[in-house]
Amino acid sequence: MRLGVLILVGLMFYWPTVGFSFTADKRDTLRGLREMSVLIEYLPDDVEREGLNREHLQRDIEVRLRQAGLHVLTISEVAHSPGAPYLYLAIYPITSPQGNFNAYAVALTLKQLVQLSRNPGTELFATTWEGPMQLNSLSDMRMLDIRARIFDALGRFIIDYRDVNSK
């Protein structure tokens with residue numbers, strides 16, 4: 001039990017630094033990006049029961065992206081966009097083996113269709129940008145905390161987007 005908590009605490013300190021340790025090359029994958037879609041993974045049932053609604057979250061994210069100057073595409077439109085970029089949000093439940101410690105990880109990534117340099121005929125979707133992995137333990141305010149962490153990661157995306165597209 002103590003070992004599991006220590007590992008989780010260690011990861012909490014490690015994951016946020018990974019998200020902020022991007023080189024200019026990773027942020028450069030946002031250069032020239034003008035449009036994208038948003039895909040939110042199905043939320044864990046208990047998260048939705050406590051009031052974090054997937055449709056509202058989708059709408060709020062899309063509004064912020066539009067405010068940042070991006071055109072938000074529908075899922076059907078993105079297939080006709082160069083690189084078919086989409087911002088992907090997932091919330092993962094984390095539990096201890098004993099079931100007495102629960103937390104959530106929030107992950108925000110940009111996925112784009114890319115080609116392998118050694119074989120340009122091979123295209124696949126790859127993560128070209130990712131925000132800091134955010135962990136959130138359960139508390140009375142957990143849904144507000146999870147929402148705040150989502151929008152912190154989205155804010156980081158918008159900062160990186162503006163940094164490479166304002167020059």
Checklist (1) surrounded by 13 or more Cβ atoms within 10 Å (Cβ to Cβ); (2) among the polar types (S, T, N, Q); (3) part of a strand (DSSP E or B) applied to THR122, failing item: (1)
Any hit, region 60-70, residues being in contact with a helix residue (DSSP H, G or I) (Cβ under 9 Å, 6 or more places away or on another chain), without any contact (Cβ under 8 Å) to a residue 60 or more places away in the chain, surrounded by 14 or more Cβ atoms within 10 Å (Cβ to Cβ) and not charged (D, E, K, R): no
From the options LEU73, LEU110, LEU135, residue that is surrounded by 14 or more Cβ atoms within 10 Å (Cβ to Cβ), under 22 Å from PHE151 (Cβ atoms) and modelled with pLDDT under 95: LEU135
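Quick check on TYR86: is it under 19 Å from GLU55 (Cα atoms), among the hydroxyl-bearing types (Ser, Thr, Tyr), touching a helix residue (DSSP H, G or I) at 6+ places or on another chain (Cβ under 8 Å) and at pLDDT 80 or above? If you could, list the steps in order and put the result at the bottom.
Working: under 19 Å from GLU55 (Cα atoms): yes; among the hydroxyl-bearing types (Ser, Thr, Tyr): yes; touching a helix residue (DSSP H, G or I) at 6+ places or on another chain (Cβ under 8 Å): yes; at pLDDT 80 or above: yes.
The answer is yes for TYR86.
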Among (1) part of a helix (DSSP H, G or I); (2) modelled with pLDDT under 85; (3) more than 18 Å from ILE150 (Cβ to Cβ) - the single one VAL47 does not satisfy: (3)
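Does LEU52 satisfy the condition of being in contact with a helix residue (DSSP H, G or I) (Cβ under 7 Å, 6 or more places away or on another chain), closer than 20 Å to LEU33 by Cβ and not in a helix (DSSP H, G or I)?
Numbers: in contact with a helix residue (DSSP H, G or I) (Cβ under 7 Å, 6 or more places away or on another chain): yes; closer than 20 Å to LEU33 by Cβ: no; not in a helix (DSSP H, G or I): yes.
No.
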Pairs, first among the polar types (S, T, N, Q) and surrounded by 14 or more Cβ atoms within 10 Å (Cβ to Cβ) in region 17-42, second modelled with pLDDT of 75 or more and part of a loop (DSSP other than H, G, I, E, B), C-beta under 9 Å, six or more apart: SER37/LEU73; SER37/THR74; SER37/SER81; SER37/ALA84; SER37/PRO85
Selection within region 76-98 - surrounded by 14 or more Cβ atoms within 10 Å (Cβ to Cβ), part of a loop (DSSP other than H, G, I, E, B) and not polar (S, T, N, Q): GLY83, ALA84, PRO85
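Identify, please: which residue in region 18-39 is assigned to a helix (DSSP H, G or I) and of a type in the set (D, E, K, R) and is, among those, modelled with the lowest pLDDT? Give the derivation first.
Looking only at region 18-39, we keep the residues that are assigned to a helix (DSSP H, G or I), and these are 18-19, 24-28.
Add one more test, that the residue is of a type in the set (D, E, K, R), and what stays is 25-28.
Values: ASP25: 60, LYS26: 77, ARG27: 86, ASP28: 88.
Per the criteria, the residue is ASP25.
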Filter result (in contact with a helix residue (DSSP H, G or I) (Cβ under 8 Å, 6 or more places away or on another chain) and outside any strand (DSSP E or B)) within region 99-119: PHE101
Of all residues making up region 25-43, the number that are over 22 Å from LEU57 (Cα atoms) and of a type in the set (Ser, Thr, Tyr): 1
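The values are calculated or read from the model by the stated rules, or taken from the named source; none is laboratory data. Small disclaimer: the values here were computed from a predicted structure and weren't measured. Cβ sites come from the backbone with ideal geometry, for glycine too, and all protein chains shown count toward neighbours.
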